[in-house]
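Right, one structure below, let's go through it.
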Amino acid sequence: MQSGTEVVVVKRKTGDCCGPEVLPFGRIWLTEWQNPRYTPGMRQLLSRRRRQPPSRASERQTHRYDLPGSSLGLSADRTDKLIRAVRKGLSFKTLESLSRESGISVSEVASIIEIPERTLARRKAEGRLARDESERLLRISSIFEKAVELFNGDVPEAVAWLRRPRRALADHAPLAYSGTELGAREVENLIGQLEYGVFP
């Protein structure tokens, strides 16, 4: 490089001259920018930026469940439609849908809603759940959807929270506690308190 152009690569944040330009290997300080022979090449060098890998948080997809039962693959926009579907018995695919959405295995979901293994195999063959099983599945899906909303759509964080014992629930995990109607109400109350910044 000809005299009159001095390029110094440094790591510090302060300095004189024209100010820093960030490069993949540090900062470059230009004391003079007068030599037209080197200017285009230097500009091209300064224009390059190392692509930063996306953070783990940005790689996660956020989920939003606008209607009750959305995590089950249902699209009922009115409560009466949801009630009719439950009374008829939900499709076995709704259980599989919740498993896909949450990452919780079908067998674990079945255990929470009290479907024995042999009965689960029979329900799968029939393609439909019983009415009481459907009610419990809808209840669990509602807790899952509320937890996801609490964590701004972050499903892994929501599920981790649901699996962790909570002092407010007598050291029971919210997911297991939601297996009964009374327990599910307690979990819903806890989620509501957390949404308003109350930490019991």
- Tally, over the stretch 140-163, of residues that are crowded, with 22+ Cβ neighbours inside 10 Å, of a type outside the set (Asp, Glu), more than 16 Å from residue 105 (Cα to Cα) and out of contact with any Asp or Glu (no Cβ under 8 Å at 6 or more places or on another chain): 1
- Note on the structure: Counting only helices (runs of 4 or more DSSP H) wholly inside the stretch 131-200, the ones holding at least 3 residues that are more than 15 Å from residue 103 (Cα to Cα) are 131-150, 174-177, 181-195
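Among the listed residues 115, 104, identify the single one that is touching a helix residue (DSSP H, G or I) at 6+ places or on another chain (Cβ under 8 Å), of a type in the set (A, V, I, L, M, F, W, C) and without any contact (Cβ under 8 Å) to a residue 24 or more places away in the chain.
Working: 104 fails: without any contact (Cβ under 8 Å) to a residue 24 or more places away in the chain.
The unique qualifying residue is 115.
Determine, yes or no, whether residue 178 is touching a residue at least 60 places away in the same chain (Cβ under 8 Å), of a type in the set (Ser, Thr, Tyr) and within 24 Å of residue 67 (Cβ to Cβ).
Details: touching a residue at least 60 places away in the same chain (Cβ under 8 Å): yes; of a type in the set (Ser, Thr, Tyr): yes; within 24 Å of residue 67 (Cβ to Cβ): yes.
It is true that residue 178 is touching a residue at least 60 places away in the same chain (Cβ under 8 Å), of a type in the set (Ser, Thr, Tyr) and within 24 Å of residue 67 (Cβ to Cβ).
Laboratory data are not the source of any read-out in this text; all were calculated from the coordinates shown. It should be emphasised that the depicted structure is a prediction, and the values quoted were computed from it without experimental measurement. Reconstructed Cβ throughout: ideal geometry from the backbone, glycine too, with neighbour counts over all protein chains shown.
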